[in-house]
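Trainee: Got a structure for you, written out below as structure tokens; questions coming shortly.
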Amino acid sequence: MRPLRLVPWAGIVVLSTLAGCSKDDPAMNPAPSRHALIGHINLTGYLVDAQGAFTGTRVVRDADGAFVELLSGASVATRVSTVDGVYRFGGLLPGAYQTRSTLIPPVSDMSAVFTIVSSDLMAGDTLNLTSYGDLKPIPNPFSGETTVYFAIPETLDVSLHILSLAGDTVQTLLQGQRPPGINQVRWDGTDRFGATAPVGNYWVTFAAGSDQRAHLLFKQ
């Protein structure tokens, strides 16, 4: 009787199996997990009574519709709008991110760098947009109408707009030359289509060349 000869098929099968489980096999290399970045934004405006006297500061912590950008390096990855003052970016890979909100250059804020590793992250650095420059709406808050006062040093081409919190133009109050000194423009609370603007928060913005200003309005 001839002696048995062992054929190394088993070894070949094992090697073939290992070769099939290469680094490109999804089972060996599952997709990286994705997470959420959640944070808050505050808006600050100043209160003025019907006689033009400053009566305090109001911070809005539950604003709907304010735009927030997510930055990955120097690039804007995506944008969301706030709900009750909260923004949420979902589906993020591990990495370093920042958030930013901008109305005009002087009314803008950027967060610290947040690093997502292996779980959702609650941002501890609140974004803040604060009224800036010489604009005085009388009264603020208001229900029917308000008059916006501003001073300029010389005759200038001035633009005055009412914007939503998302930065959309609700109404154009002024687009043209104004003389030096104190000027005033009335907003009757309507939008550019003539309809009454809803109760809520708005920005009034001023631009004359490089001079930019913005004030938070409280329509009630």
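Trainee: Looking at the chain, what % of the alpha carbon pairs are farther apart than 21 Å?
Mentor: Everything past 21 Å amounts to 64 percent.
Trainee: Quick one: what are the phi-derived ³J(HN,Hα) couplings along segment 112-124, Karplus 6.51/-1.76/1.60 with θ = phi - 60°, whole Hz, x for glycine and proline?
Mentor: Once rounded to whole Hz, the list reads 5, 7, 9, 10, 8, 10, 9, 7, 4, 10, 8, 5, x.
Trainee: Mind jotting down the distance between the C-alpha centroids of segment 132-185 and segment 27-100, whole Å?
Mentor: Spelled out, the Cα-based centre of one part sits 27 Å from the other.
Trainee: Report the far tail of the P(r) of segment 35-130, meaning the percent of Cα-Cα pairs longer than 23 Å.
Mentor: On the way: 1313 of 4560 pairs.
The share of Cα pairs beyond 23 Å in segment 35-130 comes to 29 percent.
Trainee: Same structure, new question: For the chain, with a Gaussian network of springs between Cα atoms less than 10 Å apart, report the residue from Leu43, Leu121, Leu103 with the top mean-square fluctuation.
Mentor: Leu121
Trainee: Another question, then. Using just the alpha carbons, could you tell me how many Å³ per residue the convex hull of segment 136-219 encloses?
Mentor: Working: hull volume 6.8 nm³, N = 84.
Value for segment 136-219: 81 Å³ per residue.
Trainee: Per-residue counts of other Cβ atoms within 10 Å, averaged by peptide: what ranking do you get for 55-62, 81-88, highest first?
Mentor: Working: 55-62: 12.9, 81-88: 16.1.
Going from most to least packed, we get 81-88, 55-62.
Trainee: Using Cα pairs closer than 8 Å and at least 6 residues apart in sequence, work out the relative contact order for the chain, in percent. Kindly include the intermediate steps, with their values, before the conclusion.
Mentor: Numbers: 500 pairs, mean separation 40.6, N = 220.
Answer for the chain is 18 percent.
Trainee: Can you compute 3J(HN,Hα) from phi for each residue in segment 55-62, using the Karplus curve 6.51 cos²θ - 1.76 cosθ + 1.60 with θ = phi - 60°, rounded to whole Hz and x for Gly and Pro?
Mentor: 10, x, 10, 10, 10, 9, 9, 10
Trainee: Given the options Glu69, Glu154, Glu145, state which has the largest fluctuation in a GNM of the chain using a 10 Å cut-off (strictly under) for Cα springs.
Mentor: Answer for the Gaussian network model of the chain: Glu154.
Throughout, read-outs are computed from the coordinates displayed, never taken from laboratory work. All values derive from a computational prediction rather than experimental measurement. Note that we place each Cβ from the backbone using ideal geometry, even for glycine, and neighbour counts take in every protein chain shown.
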